[in-house]
1. Measure off, as a whole percent, the carbon and sulfur share of the 1.4 Å-probe accessible area of the chain, all protein chains present.
2. Go through 505-516, 423-434 and give me the packing order, highest mean Cβ count within 10 Å leading.
3. Ordered by packing density, taken as the mean number of other Cβ atoms within 10 Å over each peptide's residues, highest first, how do 185-192, 106-113, 322-329 rank?
4. Which whole-number percentage describes the relative contact order of the chain, with Cα contacts under 8 Å and a sequence gap of 6 or more?
5. Which entries in K284/K423; K85/K125; K291/K312; K310/K332 show an alpha-carbon gap greater than 24 Å?
6. Going by the alpha-carbon gyration tensor, a ≥ b ≥ c the square roots of its eigenvalues, is segment 202-525 rounded (a/c under 1.5) or, if a/c is not under 1.5, prolate (a/b greater than b/c) versus oblate?
7. Filter the trypsin sites (Lys or Arg not before Pro) in segment 443-503 to those in DSSP coil with at most 11 other Cβ atoms within 10 Å of their Cβ, and list the result.
8. Points 7 angstrom from Cα along the Cβ direction at I456 and R137: gap in nanometres?
Amino acid sequence: MAAATSKRRGNATIQVTVASRTPAEETTDWLVVMMTSLGGEDDARLPTRVRAIDRTLGGRIAAVVEMGDFRGARDQRLALYPEGKAAAARVLLVGLGDEDGLDADRVRRAAGAALQAAEQRGGGKLAIVLPASRRLRSAASAGAVAEGLILASYRFDQYTTQPPRNGAAASGRVGQAVLLVERAAETRAARAAAGRGVNLATSQNLARQLSNEPPNLLPPAALAREATRVAREVGLRVRVLEPAELRRRKLGAMLAVAQGSTNTPRMIVLEHNAPARGQKRRRKTIALVGKGVCFDSGGLSLKPAASMVKMKHDMSGAAAVIGAMRAVALLKVPHHVVGVVGAVENMPSGTAYRPDDILTSGSGKTIEVTNTDAEGRLVLADALHFVRGEYEPEAIIDLATLTGACAIALGPWAAAVVGNHEKLSELIVASGEAVGERFWPLPLWDVHRDHMRSRIADVRQTGGRDAGTTTAAAFLSHFAGDQPWAHLDIASVADTETAGPLHRGGATGFGVRALLEVLDRYGDAKL
Ligand code: BES
Ligand code: MN
Ligand code: ZN
C-alpha cells in the first residue's frame, strides 16, 4: 500500500473545530443548517437559532418552508443562495426527520449528506449549525457530525490516473468544518466529542482502505506491514509471526489454508496497554480477533467466477480489528486490548490443502476438511487458540466475513452475533445500536456443537446447508474456550454496491465504531 499512499489523491482528513459563534456572521462556503421536521401548515415555526439566520436571509427559509419545498424530512436537502445577505456563500438546509426519533445516526447521515452535496458543487469550507434538541445533547450531535463528515468524505480513488469524467470541474473537497454550538458553555464537551468522532471515523476509514486494497497489492505480508506502520504511528506494541514461527507453534489449520498460495501467511498481533515485560497484568485483557483472508478463491473447492469477485474484502474482519486497535490507542481505552489477525490467501494449486485432508490444529484438535472454501473458520480456530494461550483474555470478540448464509439470514441490514455468553452478546447488540451498526443474535446450542463432530476426526469443518452461520460458529466454539466469547459474522455488511450518505460503495469499515463502544461500556457491563 505504500505506493498507493504516495500517489493518493483524496482522504486528507477534514479539520473539524468547534466554536460558539453566530451562524449568520460565519464566513464560509457552506452554512449547513440541520433541522427536524416542521409541523403542519400553521405551526411550522422555525427553531430560535434558525429564525435568527432566517432574519438575516430576509425570510427565505420561512418562505421555502411555507411553499412546502423544505420541511425537514429525513434526507431532504435544499440549497439557498443568500447573495450577500449573510456571510456564507450558500446555506444548505438538511432535514433530520421527526424530532421524536432523533438520534445520533440520523445526525451522522445528515452530516454525510451535507458533505456530499458540498463536494458535488466544489467543496470548500463548511460551518454546521448543530441541531438543537432535547433528545440529543450538542456533544452527541457534534460527535455524530464529525463522524458523518469524515466517513462521507472517504474515497477509494488512489488507483485512477484520470480525474473522473462526470462533473469533474465542479467537484471538489471539503477541507475544514466548524461545528457551531449555541452556548459557549457547550463548547468543551462538544469539542471532546468531535475529537472522539474524528478518531473513530478516521480509524473506520483505515479499515475501509485496507479492505478496498486489491489482493495483488495487499497479500498477508503487506497487510502485516500496514498494521506495523499504523501501530508505530499510534503507539501500539506490534508483533508479526512469520511462517517459520507459525510452523514452530504447529498452527496446522491456518497453515493448511495458506499452503496453496505463494503469498505466505502472517499472524499479526497488536497490543494496547501492554504490561511492561516481566510485569504482572493489572488491567483486564480483552482480545479482538479478525479473519484476514486477503483473497478467497475457495481453494480447490473453487468458487464460481461470479462469487469470486469482491473476495478481496474477505479480510474485512482483520481490517476492522486493525482500525479498531488504532482507535483504541488514540482514545486511550483503559483496558489491555489485544488485536490478533490471521492473514492468509486461499488459493488452488498443486500444494493446496484438499477436501478429505485431516488437519491438526494448534490446539491439538483434529479437523476433517470437507470444503476448502470454508477456510475462514480454520484461520480463526488457530487465531483463537493462539490468543487464549498467549494472553488468557477475559473476553474474546472475533470478526469475520465468514458465511454467505449470514447475508441470506440478515441481508445488508445487520451483522450476526453468535457466542457462548448472553450478556456479552447483549452488550454488542446494544453498543452497535448506539453507534448505528446493527447486530442480531443467532442461536448456538449443544445440538449445533454436536452436529460438528466428525466420525474420523475430532470435528468436521462444515455442517451442510442448514443454519450455515450458526454451524460455522459452532465449529469455532470448539476452539474458543469457556471465557466469554462472541463471534461477529460481518459477511452481510462488510462491503456494499449501493452508495449512501456515508459511503460511495466498496468496503464499509463495519464494526470499528461498535467495538469501541463495547470497550467503552465494558467496565460497567459486569459480564
Ligand atoms: N468468505 C466466504 C464467505 C462470504 C461469502 C463472504 C460471500 C462474503 C460474501 C467464506 O470463506 C465462504 O466461502 N464460506 C462458505 C462456507 C461453506 C463452504 C460452508 C459459504 O458461505 O458458502
Ligand atoms: Mn471461503
Ligand atoms: Zn472466506
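1. About 49 percent, which is the carbon plus sulfur part of the accessible surface.
2. Values: 505-516: 26.5, 423-434: 19.4.
Going by the mean number of other Cβ atoms within 10 Å, highest first, we get 505-516, 423-434.
3. Per-residue Cβ counts within 10 Å, averaged per peptide and sorted highest first, yield 322-329, 106-113, 185-192.
4. Working: 1231 pairs, mean separation 75.5, N = 527.
In percent, rounded to a whole number, it is 14.
5. On the way: K284/K423 17 Å; K85/K125 18 Å; K291/K312 12 Å; K310/K332 34 Å.
Too far apart for the 24 Å limit: K310/K332.
6. On the way: a/c = 1.23, a/b = 1.19, b/c = 1.04.
Rounded is the answer for segment 202-525, as its axis ratio a/c remains below 1.5.
7. Details: sites: R449, R453, R455, R460, R465; in loops: R455, R465.
The qualifying sites are R455, R465.
8. Result: 6.2 nm between the two label points.
The values are calculated or read from the model by the stated rules, or taken from the named source; none is laboratory data. As the structure is a prediction and not an experimental result, all values here were calculated from the model. Positions of Cβ are generated from backbone atoms using ideal geometry, with glycine treated the same way; all protein chains shown enter the neighbour counts. Quick note on the areas: whole protein, heavy atoms, side chains included, nothing else; ligands and nucleic acids left out. Shrake-Rupley method; radii C 1.70, N 1.55, O 1.52, S 1.80 Å.
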